[in-house]
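Here is the structure we will look at, set down as structure tokens.
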Amino acid sequence: MSNLSRATWGLLPEDVFLKLKNKYWQNSRNLKSLLTGSTSFPLVVSLKSPRGNAAIQNIGHFQKFVSSWKDFSKDYIQGAGQESSESKNTGCEVIWEKRSFRSLAEQDVPTHLNVLDIGSLACLLGPNEDRQLQNWLSKIRYIFESFSSQLNSHQASSFDGNSAQSLYQALIDQLETLDNFEQDDLELLVRLLPQLQKGMGQGCYLRALPVTFVDTKFIEKNFRIIESVVTALVDRSVKGIGLISWLGCTEKPKDWLLVKPLCHETRLLLGGLPLLRLSSDTLQEFELPARNILVIENEQSCLALPDVGNTIAISGGGKNISWMKAGWLADKNVGYWGDIDSEGFAILSDARSKLSSIIPLMMDEQTVKAFEERMVPEPDSVYKDPVALTEKELALFNSLRAESFSNKRLEQERLPLDYVAQYIRDWIV
């Protein structure tokens, strides 16, 4: 058990080491601040030396407190008995002060530990931390030396102290990635940097970037450290616009939606494919060849749909309906079918704010009452009234939240297929 549980004063060396480890080494922000110099050395740690009667009241702890710091000074800070400024070159120093205590002769009492640099801190904390620091510094040194050797005379003249400091800062900012780099990764990084130029992507995806030796999966996997280093060394504007834009690449689609033609004719117009995956960006630009467009919150409900003439269903977006700003939708008969709950109505409201002509399907009080026994609980997640609901929709929304029915949610998957099929047939034009 730590001595801190027996006394509120007199930190022992092991207490201080643990305190330093928790505050600095195991706190990423504080550690990076030390490595970059944003937090300056020395680190001054109060040892909470006693005053007044505290030492007399726990004389055993007082003796252990003084002796442990004397032993530390002898063993760690080379030069026994030289606890003053003569020990500065060792990287740590214990500060002592003469104090008088009642019933005790004047005593030399340790008051502070000063840690003078990052290397001394790592050494103080233990061999693992010391090895970790040396590993980081070795990798950074390799990057600096490799990069410097590749510079032509013009580039070398522009690589001044500010550029070097920016590069060092960038590497420390991405310390977690750097820590996991093997030697092969370091070589790929330094081989890649000289190849990157503004606009070189010419509209291709990042994976198709025309680079040699370096595989583009490495670029994608280590995108953030590459972006930080390019910002530091090549062009500061990268920070503002992002590496993808600076390279001239096209963003990789993040939101793939399921597209399901619901009749033979629409399948033929889509190359005979029964299912497709299209991104939101593609759907904003690509008009689907059907008069009726059915937007569905849940993919499983979409897959269960029967054949419906001149209709294409789109699902899997959940709250992501940004693509519904597409101009081509204005000439379509567009329906939305989601869960009858607060989230479903919030999505419907958002969809209507983008396309005022949208028609909700099976999201009414009649459907709730018909299948009320199938309702389930819904965690509270929508706290404001959606702004683009009709009066009837808002009334149902509020009734659900007020628990006017057997529960708060009727999931679309709980509706029988014959009911769904008839409702959709009544909707199509």
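Bear in mind these aren't lab numbers, they're just calculated from the coordinates by the rules spelled out. As the structure is a computational prediction, the values presented were derived from the model and not from experiment. Using ideal geometry, Cβ is built from the backbone for each residue, glycine included, and neighbour counts are taken over all protein chains shown.
Think of the chain as having a plus end and a minus end, set by charges on the Cβ of Lys, Arg, Asp and Glu; of M375, L269, F65, F65 sits farthest toward the positive end of this dipole. Between S399 and D426, the simple label model (points 7 Å from Cα in the Cβ direction) yields a spacing of 1.6 nm. Our helix-only sum for the chain, with -39,500 (n - 2.57) per DSSP H run of n ≥ 4 divided by its residues, gives a mean residue ellipticity at 222 nm of -12500 deg cm²/dmol. Along the Cα-to-C-beta direction of K239, a point sits 7 Å from the Cα; which residues of region 166-184 have their amide N less than 19 Å from that point? So the set is 166-176. In degrees between 0 and 90, to the nearest 10, how far off the longest principal axis of the chain does helix 127-150 point, with axes built from Cα atoms? Result, in degrees: 70.
With a Förster radius of 30 Å, plug the Cβ-Cβ distance of E285 and T212 into 1/(1 + (r/R0)^6) and report the FRET value to the nearest 0.05. Please list the in-between numbers first.
Details: r = 33 Å, r/R0 = 1.10.
After rounding, the FRET efficiency stands at 0.35.
Region 244-313 and region 348-369 have their alpha-carbon centroids 20 Å apart. Computed from point charges on the beta carbon alone (+1 for Lys and Arg, -1 for Asp and Glu), the dipole magnitude for the chain about its Cα centre is near 1080 Debye.
In terms of distances greater than 21 angstrom between alpha carbons, the cross-link table entries K19/K139; K319/K369; K217/K252; K19/K48; K254/K332 yield K19/K139; K319/K369; K254/K332. The value of relative contact order for the chain, using C-alpha pairs under 8 Å at least six residues apart, is 9 percent. Once the C-beta distance of E182 and N27 is scaled by a Förster radius of 25 Å, the resulting FRET efficiency is 0.45 to the nearest 0.05.
Give the peptides 303-312, 133-142 in descending order of average Cβ contacts within 10 Å, highest first. Provide the component values of the computation, followed by the final result.
Numbers: 303-312: 16.8, 133-142: 15.1.
My ranking of the peptides, most packed first, is 303-312, 133-142.
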